[in-house]
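The structure appears below as structure tokens.
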Amino acid sequence: MKADAINLEGAKAGSVELNDAIFGLKPRKDILHRVVRWQRNKAMAGTHDVLGRSEVSYSTKKIYRQKGTGGARHGSKGAPIFRHGGTYKGPTPRSHAHELTKKFRALGL
């Protein structure tokens, strides 16, 4: 396959021979989508984090006695239902990267 080469002014500067195995293929949206997702997920830092119940700075003492208060039974103030308590199943640092086969990488790139 032949393609025209142009210079910075936009004028024709010659022609270039391109490999048909690479540049002769029709682009496929599904493969391009998978490769872009693979690249973007691999580039994610994954450093988001929240404090869990065991990581917040609160006493683990029972906040009031079990019976006779008329309220619900509670343990420590670090429980997720209290203000400034730990978060239940929040985000933790992890890698977002996933695998992509070599054939898909080559076709997408």
Inset, instruction - Could you work out the equivalent-ellipsoid semi-axes for the chain, taking the square root of 5 times each eigenvalue of the Cα gyration tensor, largest first, in whole Å? - result: 62, 15, 10
Legend entry - Spin-label pair Leu8/Arg28, simplified geometry with 7 Å Cα→Cβ offset, distance in nm: 4.0 nm
Inset, instruction - Mind checking the full-extension length gain between His98 and Asn19? Use 0.36 nm per residue of separation minus the Cα-Cα distance, one decimal, nm. - result: 25.4 nm
Inset, instruction - Using 0.36 nm per residue of separation minus the Cα-Cα distance, give me the extension gain between Lys67 and Ala106 in nm, one decimal. - result: 7.3 nm
Legend entry - Across Lys29/Lys89; Lys12/Lys102; Lys2/Lys29; Lys62/Lys89; Lys42/Lys89, pairs whose alpha-carbon gap is larger than 31 Å: Lys29/Lys89; Lys12/Lys102
Legend entry - Magnitude of the charge dipole, the range 50-90, Cβ model with Lys/Arg +1 and Asp/Glu -1, debye to 20: 220 debye
Inset, instruction - Would you kindly give the portion of the calculated P(r) for the range 50-90 that falls above 13 Å, as a percent of all Cα pairs? - result: 51 percent
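Carbon-plus-sulfur fraction of the accessible area of the chain, 1.4 Å probe, in percent?
It is 55 percent, rounded to a whole number.
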Inset, instruction - Go through 90-103, 27-40 and give me the packing order, highest mean Cβ count within 10 Å leading. - result: 27-40, 90-103
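The values are calculated or read from the model by the stated rules, or taken from the named source; none is laboratory data. Note that the structure is predicted; figures quoted are calculated from it, not measured. Here Cβ is always computed from backbone atoms with ideal geometry, including for glycine, and neighbour counts include all displayed protein chains. The area values use the complete protein model at the heavy-atom level, side chains included, leaving out ligands, DNA and RNA. Shrake-Rupley method; radii C 1.70, N 1.55, O 1.52, S 1.80 Å.
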